[in-house]
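All of the numbers you see were taken from the coordinates with simple rules; none came from a lab. It should be emphasised that the depicted structure is a prediction, and the values quoted were computed from it without experimental measurement. Cβ placement follows ideal geometry from the backbone for every residue including glycine, while neighbour counts extend to all protein chains displayed.
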Amino acid sequence: MAKPIYVLNGPTLNMLGSREPHIYGSQTLADEEAMTADRASAFGHTIDFRQTNSEGQLVDWILEAREKACGIILNGAAYTHTSVALMDAISASELPVVEVHISNIFKREPFRHHSYVSTVSLGVICGLGPIGYALAVEALSDYLAKHLGS
Ligand code: CA2
């Protein structure tokens, strides 16, 4: 059976749709999951969509993906800007990773301008709102079709 795309979400993204809609929009994480699954299905993929507030759990899921997933879409949230551990796990996974941010991190505070995740990712989508996840599915599908014939 074909391996899914892991879609991994970091801390506080479970609050989407309930607070700070001026930054993150009004869609919930469940809405995000449904939209991402639809787009994946259109490209012949399935997703495994998860959220955690724990850095260690994200590391474990990224390493698990090495065996169980064909690629990763990662919104590491605040850990994006702080976590060498996430960066090392992505490198160790040897999988294509598309980094997603709902907000435009470059328009925000300077501490959000650096991403450890970007340094080891295939590419980055940020600032386009929730559709960024669907765009990431499209980009990853295109990459996988060209590089793995899937
Ligand atoms: O724009 C993004 O997707 C971020 O990854 C979101 C993170 C932030 O630390 C990154 O710099 C950019 C924060 C996620 C917190 O999500 C909330 C959702 C609703 C209400 C409050 C926070």
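Some observations on this one:
- The residue that is farthest from the ligand (Cβ to nearest atom), among those in the range 71-85 that are over 14 Å from the mean Cα position of the chain (by Cα) and polar (S, T, N, Q), is Ser83.
- Of all residues in the range 3-21, those that are on the phi < 0 side of the Ramachandran plot have Cβ atoms under 6 Å from Cβ atoms of residues that are of a type in the set (S, T, N, Q), 6 or more apart or on another chain, in Pro4/Thr46; Val7/Thr36; Asn9/Gln51; Asn9/Asn75; Pro11/Asn53; Leu13/Gln51; Asn14/Gln51; Leu16/Thr28.
- The set of residues from the range 12-51 being within 13 Å of the ligand (Cβ to nearest atom), surrounded by 17 or more Cβ atoms within 10 Å (Cβ to Cβ) and assigned to a loop (DSSP other than H, G, I, E, B) comprises Leu16, Gly17, Gly25, Gln27.
- Leading residue by the ranking (nearest to the ligand (Cβ to nearest atom)) among those in the range 91-138 that are among the hydrophobic types (A, V, I, L, M, F, W, C) and part of a loop (DSSP other than H, G, I, E, B): Ile102
- Flag for Glu99 being of a type outside the set (Ser, Thr, Tyr) and surrounded by fewer than 17 Cβ atoms within 10 Å (Cβ to Cβ): no
- Flag if Leu144 is assigned to a loop (DSSP other than H, G, I, E, B), in contact (Cβ under 8 Å) with a residue 12 or more places away in the chain and either of a type in the set (Lys, Arg) or under 17 Å from Tyr6 (Cβ atoms) (or both): no
- Checking each residue in the range 1-11 for being away from the ligand (no atom under 12 Å from the Cβ) and either surrounded by fewer than 19 Cβ atoms within 10 Å (Cβ to Cβ) or not aliphatic (A, V, I, L, M) (or both) picks out Met1, Ala2, Lys3, Pro4, Tyr6.
- Filtered residue count, the range 33-49, keeping only those that are charged (D, E, K, R) and touching a helix residue (DSSP H, G or I) at 6+ places or on another chain (Cβ under 6 Å): 1
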